[in-house]
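Computed from the coordinates by the stated procedures, all read-outs in this text should not be read as laboratory data. Keep in mind the model is a prediction, meaning the values are calculated, not measured. Positions of Cβ are backbone-derived with ideal geometry, glycine not excepted, and every protein chain shown enters the neighbour counts.
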Amino acid sequence: MKQDETAVASFPASRLRRLRMTEHLRAMVRETHVGVQDFIYPLFVVPGTNVRKEVSSMPGVYQMSVDRIVRECAEVRALGIPAVIFFGIPEEKDEAGSGAYDEHGVVQEALRAVKRDVPGLVLVTDVCLCEYTSHGHCGIVRGDEILNDESVELLVREAVSHAEAGADIVAPSDMFDGRVGAIRRALDEHGFVNIPVMSYAAKYASGFYGPFREAAESTPKFGDRRSHQMDPANADEALREVAQDIAEGADIVMVKPALPYLDILRRVKDTYRMPTAAYNVSGEYAMVKAAARAGWIDGERVMMELLTSIKRAGADLILTYFAKEAAALLERRR
Ligand SMILES: [Zn+2]
């Protein structure tokens, strides 16, 4: 018997609708379950005190100062969400993105404060330079080239600095070659052998990042990120990217964005069987919010459907701006 003929009886003996007749039956045979434990909630840390400024293109998402981040993290933990990921927007930006590896940088301060006041929450940090550089690029720029190896040296300093301030997981998002291995070696040398690396392994040069760049104030002043992020048309290359990061010591691999790349997610999960994350990015969030506000879709329903699709495609973890809203909804449904 060929595999695609397995257990397929024909109508009328088989009526697939039988198991769809009530919610109790549907729940019993449901294959994919989205739960609060799947979520990682992104947070944007800014300087100052008592700052809580909504990102206009991402309703419900705020830039917050460290004191407000602490309160937010307490709320996140109370909802049962296990982890947050920090992005930092420094007071001042420079060519070398030095705010990224400053021991008193915004993310480092947030890490110390949340570790102290909200124990048990897993603190992930985004490791990149684009929020910290005056030109908005992910690394050191010479002429019109974004340099690889020189930039990796700075990312290594940033990752170690985050670990020293209390990060539980570091997540390099730059897509430069060799950065996972370099970060792994440096963490080990500094005694952080048990700090995992979650690599943005297959990250595409995507138009869906638009609203994030407002939130992170990281729009490049010139050029774009196509010399390091992946071409949306490529799939086999994503597997090579992921293989390389695993070989260099990545503990969790990520596909970003999620929805236009569910095929990549499925191939990555099937090929490597690694803990796999997907980033449900700002543009995906903003589209749902905008259409729901216009009354064109049922926002909650679409939110749960798309989170389910990401899980079904193979994600173990979902970085999503919907985390709090979805957690509250799942709690109400229990
Ligand atoms: Zn970047």
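Some points to look at:
- For residue 74 and residue 164, the FRET efficiency from 1/(1 + (r/R0)^6), where r spans their Cβ atoms and R0 equals 25 Å, is about 0.60.
- Cα-projected label distance for residue 224 with residue 22, points at 7 Å along beta-carbon direction, nm: 5.4 nm
- Applying 1/(1 + (r/R0)^6) with R0 = 25 Å to the Cβ-Cβ distance of residue 91 and residue 56 gives a FRET efficiency near 0.70.
- Point-charge dipole on Cβ atoms (K/R +1, D/E -1) for the range 223-293, about Cα centre, debye to 20: 360 debye
- The shape of the chain comes out prolate: with a ≥ b ≥ c from the C-alpha gyration tensor, a/c is at least 1.5 and a/b beats b/c.
- Measuring r between the beta carbons of residue 235 and residue 316 and using R0 = 25 Å, the FRET efficiency lands at 0.80.
- Of all DSSP-defined beta bridges confined to the chain, some 15% are antiparallel rather than parallel.
- Pairs from 269/324; 93/115; 203/324; 93/311 whose Cα-Cα separation, in the structure shown, is over 28 Å: 93/311
- All-pairs Cα distance distribution in the range 37-105, expressed in whole percent, bin size 10 Å: 19, 46, 29, 5
- 3J(HN,Hα) from dihedral phi, the range 190-202, Karplus parametrisation 6.51/-1.76/1.60, rounded to Hz, x for glycine, proline: 8, x, 9, 5, 9, 8, x, 10, 9, 8, 6, 7, 10
- Along the chain, the longest continuous region that contains none of the chymotrypsin sites (Phe, Trp or Tyr not before Pro) in a DSSP loop with at most 14 other C-beta atoms within 10 Å is 1-221.
- Shape of the range 268-334, Cα gyration tensor, a/c cut at 1.5: prolate
- Mean Cα-pair separation over length for the chain, i.e. relative contact order, pairs under 8 Å, 6 or more apart, %: 17 percent
- Phi angles of the range 51-64 translate, via the Karplus equation with coefficients 6.51, -1.76, 1.60 and θ = phi - 60°, into HN-Hα couplings of 9, 8, 10, 5, 7, 4, 8, 9, x, x, 10, 10, 7, 9 Hz per residue; Gly and Pro are given as x.
- Annotation note: trypsin sites (Lys or Arg not before Pro) in the range 228-324 located in DSSP loop regions with a Cβ neighbour count of at most 12 within 10 Å are 273.
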